[in-house]
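Reviewing the structure listed below.
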Amino acid sequence: MQQYASFIRNVPDFPEKGIQFKDITTLIKDGELFAQVVDYMYNPFRHQQIDKIVAIEARGFIFGAALSYKLNCGFVPVRKPNKLPAETISETYGKEYGEDRIEIHKDAIQKGEKILIVDDLLATGGSAAACARLVERLGGEIVGFSFLIELTDLKGREKIGDYEIHSLITYPI
């Protein structure tokens, strides 16, 4: 699936010097390409029981919502602090260029629900691991992770742990 890499724009020094930002807008603006990558992200999980997609703000919402539709399951947004209107729990994590925090509604997941975590990018694994901790704190059972892009040299898989992980496009950094 590396052919899709040519449709992703690299933006040097964004949002900070030294970061090579992978801009997916150049891929998703094409309806046919967008549909193809969503289908490829869907295929590894199409025969599994999934109750909800949990997607990480903001670009994870793009793929998470589409996969939720294709899998006929619920959609749960994980957001940056103070963006969700009801009671939340939160997790702090480190990332390539600092520290951040994500939140989920306390009532978003019921004990035993099967969860697929979706994001556009796996880099250091900080936000994905924090999301997994949130899901598990609420009693959800993680089926796997689906990413459009993985920056392999940052070893994010190691931070996530022993889950099924699928990445459509891989880059060394």
Among the residues of the stretch 156-173, are any in a helix (DSSP H, G or I) and touching an Asp or Glu at 6+ places or on another chain (Cβ under 8 Å)? yes
Before we move on, is residue 51 within 20 Å of residue 134 (Cα to Cα) and surrounded by fewer than 19 Cβ atoms within 10 Å (Cβ to Cβ)? yes
Output the residue which, of all residues in the stretch 104-119 that are surrounded by fewer than 21 Cβ atoms within 10 Å (Cβ to Cβ) and in contact with a strand residue (DSSP E or B) (Cβ under 8 Å, 6 or more places away or on another chain), is nearest to residue 161 (Cα to Cα). 114
Restricting attention to the stretch 68-92, report how many residues are closer than 19 Å to residue 167 by Cβ, crowded, with 18+ Cβ neighbours inside 10 Å and in contact with a helix residue (DSSP H, G or I) (Cβ under 6 Å, 6 or more places away or on another chain). 1
Quick count over the stretch 21-45, residues being closer than 23 Å to residue 11 by Cα and among the charged types (D, E, K, R), is 4
Boolean, residue 130 is in a loop (DSSP other than H, G, I, E, B), over 27 Å from residue 26 (Cα atoms) and either of a type in the set (A, V, I, L, M, F, W, C) or in contact with a helix residue (DSSP H, G or I) (Cβ under 6 Å, 6 or more places away or on another chain) (or both): no
With the checklist (1) part of a loop (DSSP other than H, G, I, E, B); (2) more than 17 Å from the chain's Cα centre (by Cα); (3) in contact (Cβ under 8 Å) with a residue 12 or more places away in the chain in hand, flag the one item residue 33 doesn't pass. (1)
Complete set of residues in the stretch 53-78 that are touching a residue at least 12 places away in the same chain (Cβ under 8 Å), more than 13 Å from the chain's Cα centre (by Cα) and not in a helix (DSSP H, G or I): 73, 74
Identify, by number, the condition in (1) at pLDDT below 95; (2) among the acidic types (Asp, Glu); (3) assigned to a helix (DSSP H, G or I) that residue 136 doesn't meet. (1)
Looking only at residues that are of a type in the set (A, V, I, L, M, F, W, C) and in a loop (DSSP other than H, G, I, E, B) in the stretch 1-30, which one is surrounded by the most Cβ atoms within 10 Å (Cβ to Cβ)? 24
Of the conditions (1) under 16 Å from the mean Cα position of the chain (by Cα); (2) over 18 Å from residue 53 (Cβ atoms); (3) assigned to a helix (DSSP H, G or I), residue 153 fails just one. Which one is it? (1)
Quick test for you: out of 102, 109, pick the one residue that is at pLDDT 95 or above, among the aliphatic types (A, V, I, L, M) and part of a strand (DSSP E or B). 102
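The values are calculated or read from the model by the stated rules, or taken from the named source; none is laboratory data. Owing to the predicted nature of the structure, the values given are computational and were not obtained by experimental measurement. Neighbour counts run over all protein chains shown; Cβ positions are idealised from the backbone, glycine included.
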